[in-house]
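The values are calculated or read from the model by the stated rules, or taken from the named source; none is laboratory data. Source: prediction; values computed, not measured. Here the Cβ is made from the backbone with ideal geometry for all residues, glycine too, and neighbour counts use every protein chain on show. What goes into the accessible areas is simple: the full protein's heavy atoms, side chains included, and nothing from ligands, DNA or RNA. Shrake-Rupley method; radii C 1.70, N 1.55, O 1.52, S 1.80 Å.
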Amino acid sequence: MGNHTLNGRTKFTSIRKFSHSGLLLLLLVLLPLLVSLHLMSNAIQNTNELSRLFIPLLIFNIFGLFLLLTLIIMNLVKMIGQYRRREPGSRLTMRMVLVFLILSLPPVSVVYYYSLQFLHQGIDSWFDVKIDSALDDSLELGRSSLELNKRQFLRSSQQLLNQVEDSSEAAMAIALVDLLEQSGAVELVLMDLNGRVISSSNINPEQIVPDDTLETSIIQLVRDGGRVVNVSPYGESEIQHVIVVIRHDILPIILQAVYSLSDEISQLTESVQSAVVRYKELAFLRESLKFNFTMTLLLVLVFSVFAAVWAAFYSARKLVSPISDIAAGTRAVAAGDYEQQLPLQDSHDELSFLVTSFNTMMRRIAQARDQAARSQRMVEEQKTYLETVLGHLSSGVMVFDQQKILQTANRAAGQILDINCDRLIHRASSELAACSEQVGQWIDNIDQALVEDVSEWREEITLYGPEGRLVLLTRISPLLDSLGHVKGRVVVFDDITRLIQAQRNAAWGEVARRLAHEIKNPLTPIQLSAERLRHKYLSKMPKDDAKVLDKATHTIVQQVDAMKSMVNAFSDYAKPSKLETQPLVFDELLAEVISLYEASGEAEKMQVLLETEGAKLEADPVRLRQVIHNLVKNALEAVAETENAEIIIRSEKLVRPEGVSLGLEVLDNGPGFDEAFLANVFEPYVTNKAKGTGLGLAVVKKIIEEHGGMIAASNRAEAGARLMIRLPVVQENPGEE
Amino acid sequence: MIRGHKGLQFGIWVVAALWLASAVIRAEEFIITKAESVLLDEQYVINAEIEYHFSEVALKALENGVPLLVDLHVQVRRKGSWIWEADIVDYHFRRQLHYLPLSESYEVVDIADGSKRRFISRTIALEALGEISELPLVEAEKLQTGKSYRVEIKSELDIESLPVPLRPTAYMSSKWKLASEWNEWVITP
């Protein structure tokens with residue numbers, strides 16, 4: 001969970017960082033691009049300096065837009081990937097991007113379209129057919145005016161040249177001065193047919209040599225009979241002049257006459273020409289202008305769209321980020337991680353409030369969980385403590401709910417009832433009753449008390465089973481919840497069999513001591529007194545009386561001896577015996593004792609099965625022989641009057657979960673025990689035999705218990721009695737068991 | 001055999017196409033047909049002839065009043081000079097050609113001295129535009145005797161001098177990227 005939390009926090013932090021870096025990148029790309037577009041727009045219009053930067057700006061803009069497009073495609077691919085992976089917030093992001101696009105694209109497109117239309121129409125409106133026609137007309141007018149002047153000057157020049165009759169250079173020089181004065185020309189130049197100047201005359205006396213020499217092509221043209229009339233600036237002045245170049249009809253001379261146009265005509269024609277040139281230039285540049293503005297607008301449009309798309313991505317991510325965080329947070333909560341804390345937003349809007357509330361909720365859940373965990377830990381500790389206490393209790397404790405379903409049982413309960421309680425948890429009491437006869441009897445006794453509405457129920461229940469009598473002191477109390485409602489019953493029970501036995505033994509011991517003290521002590525004086533009476537008066541008394549005395553005293557002495565024997569026997573039983581134990585193989589001991597009956601032929605009635613596999617006991621052989629003798633003798637006496645008498649003596653090794661023990665069974669087919677005595681068959685003086693002290697089985701039981709074993713008596717189902725002994729064996733090699 | 005014949009035919013077509021393409025390219029470029037430097041009165045001058053083959057769009061612009069300015073870039077460098085050595089001569093000689101609708105003539109203006117010449121036909125005007133006569137190159141005393149100097153000239157249409165609205169188109173169109181190859185020769189005083 002710790003790692004998960006760490007990863008979650010790292011993820012949230014990275015989203016936050018991405019958000020900041022995205023904004024920075026946005027500014028870094030968009031701002032220069034915007035400035036560049038602005039500069040490009042200016043460059044297209046009229047700024048000479050910026051126009052030089054047009055191509056770099058164009059390249060920069062295209063590169064910037066391409067970069068923007070790449071970023072958008074990356075974002076798009078990422079978004080589609082997130083959408084396919086169904087990551088939290090991806091659908092919302094996609095929806096928001098689409099909404100942004102739908103909202104931004106149409107207006108931008110509409111603005112673009114109408115701007116373009118407006119621009120084209122605006123540019124086209126500069127040029128009017130009428131203006132175009134008027135300018136052409138004015139140009140034509142100018143040309144006509146010039147043509148008129150040109151024809152006039154040509155005619156004048158022709159007349160001037162016709163006046164030249166003498167071909168000598170001197171005559172031509174003199175004539176030229178006169179002609180200049182007549183014609184009003186600025187300059188007259190006479191040349192030969194090769195263009196060599198023969199003579200020239202200029203209204204400016206300082207101008208001796210003509211300004212410009214004629215071009216070869218013009219000389220060639222004129223030499224071949226052509227006439228050239230040009231309008232152009234002449235000399236150093238910018239004023240328009242009419243230059244006429246013609247050849248003499250007869251003489252091999254060429255005249256170049258330069259006439260000055262009037263200032264008004266010159267200015268007007270120049271003005272018309274510059275206006276026409278400007279207008280035609282503008283008309284020619286119209287398409288270029290449209291192209292430039294269209295391209296700029298297109299770039300701006302693309303920029304706007306890209307910026308809008310990116311802004312859509314950025315805004316969507318920014319908006320969706322807290323929602324994604326919350327979604328991731330809720331997933332983490334669903335996965336059981338309550339340590340998630342979402343990053344707080346810079347803004348103070350509803351989403352920020354939501355994130356804050358989520359964090360608060362998470363903190364409270366975490367606190368509640370910790371509290372619950374602490375409580376659970378305490379409950380576990382309490383439970384462990386209780387289980388430990390219950391486990392170490394010698395009393396059996398069981399808890400049943402209202403439906404008599406076993407909820408809890410401690411180890412002692414299982415030991416006392418000889419059942420596996422773990423297997424019976426959450427089982428009904430009726431299922432418990434089916435475990436064994438004894439448990440069935442116990443459940444029958446307490447069954448009613450488990451549902452009775454009594455505050456305390458207490459009973460001493462005696463159970464009879466194959467292993468003897470079991471006395472359980474059982475107490476049942478209601479189990480209350482915090483509201484005082486009964487939610488079940490607690491059954492506490494103790495095995496008081498041994499306690500009762502001990503009490504009885506103690507009582508018998510006391511009886512024995514008292515017998516010894518109160519009865520045995522007077523017996524000796526009685527016996528001595530009887531013997532003294534006999535000794536003193538038997539010889540002195542008459543024969544008949546002496547006979548009576550003899551019989552009486554004899555009876556007294558005999559009965560006193562009998563009483564002494566009885567008291568001694570009882571005293572022996574009552575006082576604790578001193579065992580002299582040694583390891584012995586039980587089967588060998590058993591076989592040895594049985595062999596003593598072979599001489600009398602009583603062994604024929606016995607079927608001896610030695611199956612302990614040589615198990616050893618730590619026991620007093622003398623006392624154990626006494627046990628076997630008593631049991632065998634009892635059995636022989638029981639079958640004395642039975643036809644087909646049969647006694648089965650079987651020893652076996654019993655391997656059980658609680659340990660290995662040795663079992664001895666003595667079965668006969670005699671009349672069996674009287675059911676009335678069966679419960680107390682091991683009590684002293686409980687016997688159905690005419691002879692005997694009544695201590696046989698009591699002594700057997702005492703010896704067996706002194707050896708740490710147990711004895712049980714029961715009647716066989718077919719007929720006869722069954723006596724069963726369990727004794728602990730010596731573990732020679734515990735590893736093998 | 002047939003395949004070989006077809007291959008030959010294809011080759012001829014390719015060569016013809018390339019020749020045509022080169023002809024088209026040549027039709028829209030400047031060619032320096034003659035370039036030399038002559039020592040005249042202790043000064044080297046350039047005599048050159050340049051054929052200016054303007055593109056249709058450039059000529060159309062000229063007819064519509066857009067002046068065309070051609071630039072002759074002249075450089076003189078010591079032969080085998082290091083790249084960081086300054087040029088001995090590096091200047092631009094510019095001439096402008098524009099159309100005069102009133103007189104339906106063409107005027108060639110030398111930008112440096114402002115001198116103008118008018119021509120009634122465009123062909124003659126273009127010839128005059130490309131005729132470089134005694135253009136001062138470098139004074140002889142600036143060159144070391146016995147050393148060789150490389151003279152390089154290149155003529156191109158100056159897009160920067162075109163009207164502003166036309167420049168973006170001119171920058172992006174090959175029809176306006178009109179220039180000659182560098183023409184070079186060596187002078188050894």
Charge dipole of the protein assembly as shown built from unit charges on the beta carbon (Lys, Arg +1; Asp, Glu -1), centred at mean Cα; most positive-end Cα among A:Ala712, A:Asn162, A:Asn149 is A:Ala712
Estimated 222 nm signal from helices in the protein assembly as shown, with DSSP H stretches of n ≥ 4 weighted -39500 (n - 2.57), rounded to 500
-17500 deg cm²/dmol
Within 10 Å of each Cβ in B:165-177, how many Cβ atoms from other chains are there, averaged over the peptide?
5
Spin-label point model (7 Å from Cα, Cβ direction): what's the B:Ser133 to B:Ala112 distance in nm?
1.5 nm
Take the Cα atoms of region A:582-728, find their three principal axes, and give me the spread along each one in whole Å, biggest first.
37, 32, 28
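When each pair of different Cα atoms in region A:393-490 is counted once in the 1/r mean, what is the Kirkwood radius in angstroms, to one decimal?
Details: mean 1/r = 0.0736 Å⁻¹.
When all Cα pairs of region A:393-490 are included, the Kirkwood radius is 13.6 Å.
Round to the nearest 0.05 the FRET efficiency obtained for A:Glu588 and A:Ile425 when R0 = 41 Å and r is the Cβ-Cβ distance. Write out the running numbers ahead of the final one.
Values: r = 45 Å, r/R0 = 1.11.
In this case the efficiency is close to 0.35.
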So how do A:Asp136, A:Asp422, A:Asp620 rank on accessible area, 1.4 Å probe, biggest first, that is with the largest at the start?
A:Asp422, A:Asp136, A:Asp620
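Using r as the Cβ-Cβ distance of B:Ala140 and B:Ser174, and R0 as 30 Å, what FRET efficiency do you calculate, to the nearest 0.05?
0.15
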What residues in region B:90-106 lose 40 Å² or more of accessible surface when the other protein chains are added to their chain alone (1.4 Å probe)?
B:Pro101, B:Leu102
To the nearest 10 square angstrom, how much accessible area does A:Cys421 have with a 1.4 angstrom probe?
10 Å²
Set the bar at 26 Å for Cα to Cα. Now go through A:Lys290/B:Lys177; A:Lys290/B:Lys175; A:Lys290/B:Lys116; B:Lys79/B:Lys154; A:Lys130/A:Lys150; B:Lys34/B:Lys175 and name every pair that lies beyond it.
A:Lys290/B:Lys116; A:Lys130/A:Lys150
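Quick one: accessible area per residue over chain A, 1.4 Å probe, rounded to a whole number of Å²? Mind dumping the intermediate values first?
Numbers: 41660 Å² over 737 residues.
I get 57 Å² per residue for this part.
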Scoring region B:62-189 by relative contact order with C-alpha pairs under 8 Å, at least six apart, yields a percentage of 27 percent
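Taking each pair of distinct Cα atoms in region A:145-261 once, what is the resulting Kirkwood hydrodynamic radius in Å?
Numbers: mean 1/r = 0.0719 Å⁻¹.
It is 13.9 Å.
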Indicate the helices, whole DSSP H runs only, in chain A that combine a mean Kyte-Doolittle hydropathy of -1.0 or more with a Cα extent along their long axis of 24 angstrom or more.
A:2-45, A:54-84, A:90-126, A:129-162, A:263-334, A:350-392, A:497-514, A:521-537, A:543-574, A:621-638
Once ligands and nucleic acids are excluded and a 1.4 Å probe is used, how much of A:Leu24 is accessible, expressed in Å² to the nearest 10?
110 Å²
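State the percentage of accessible surface on chain A attributable to carbon and sulfur atoms; use a 1.4 Å probe and exclude ligands, DNA and RNA.
Details: 23810 of 41660 Å².
Answer for chain A is 57 percent, counting heavy atoms of protein chains only.
Note the direction-averaged projected area, equal to a quarter of the hull surface, for the Cα convex hull of chain A, in nm². Let's see the in-between values first.
Numbers: hull surface 294.1 nm².
Its average projected convex-hull area is 73.5 nm².
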Probe 1.4 Å, all protein chains present, accessible-area order of A:Ile649, A:Ile55, largest first
A:Ile55, A:Ile649
Partners for A:Lys547 among lysines (Cα-Cα distance below 21 Å; same-chain residues under 8 apart left out)
A:Lys536
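Starting from 0.36 nm per residue, how many nanometres of slack lie between A:Ala366 and A:Ala502 once their C-alpha separation is accounted for?
Numbers: separation 136, 0.36 × 136 = 48.96 nm, distance 5.98 nm.
Working it through step by step, the gained length comes to 43.0 nm.
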Ignoring ligands and nucleic acids, A:Met566 exposes an accessible area, probe 1.4 Å, in Å² to the nearest 10, of 100 Å²
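Given contacts defined as C-alpha pairs under 8 Å and at least six residues apart, what's the relative contact order of chain A, whole-number percent? Write out the running numbers ahead of the final one.
Numbers: 928 pairs, mean separation 56.5, N = 737.
Relative contact order for chain A comes out at 8 percent.
Looking at chain A, send over the antiparallel percent of its DSSP beta bridges, to the nearest 5. If you can, show how the numbers build up before the last one.
Details: 79 of 85 bridges.
Expressed as a percentage, antiparallel bridges in chain A total about 95.
Give the average, rounded to an integer, of partner chain Cβ atoms located within 10 angstrom of each Cβ in A:289-299. Walk me through the numbers before you get to the answer.
Values: counts 6, 1, 5, 6, 1, 0, 3, 1, 0, 0, 0.
Neighbouring Cβ atoms belonging to other protein chains average 2 per residue here.
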If exposed means no more than 15 neighbouring beta carbons inside 10 Å and the site is in a DSSP loop, what's the longest run of chain A without any exposed trypsin sites (Lys or Arg not before Pro)?
A:228-426
Using a Förster distance of 51 Å, how high is the FRET efficiency between A:Ala171 and A:Ile265, based on the Cβ-Cβ distance and rounded to 0.05?
0.90
How many square angstrom of accessible surface are buried between A and B, both sides summed, with a 1.4 Å probe and rounding to 100?
2600 Å²
Modelling each spin label as a point 7 Å along the Cα-to-Cβ direction, I'd like the A:Met378/B:Ser81 distance in nm, to one decimal.
9.9 nm
Using the Kyte-Doolittle scale, find the helices of chain B whose mean hydropathy is at least -0.5 and whose Cα atoms extend 27 Å or more along the helix's long axis, counting only whole DSSP H runs.
B:2-27
Provide the percentage of antiparallel DSSP beta bridges, counting only those with both residues in region A:582-728; round to the nearest 5.
80 percent
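If you rank B:Phe30, A:Phe153, A:Phe63 by how much accessible surface each has, with a 1.4 Å probe, what is the order from largest down?
Working: B:Phe30 5, A:Phe153 35, A:Phe63 125 Å².
Ranked from most to least accessible, the order is A:Phe63, A:Phe153, B:Phe30.
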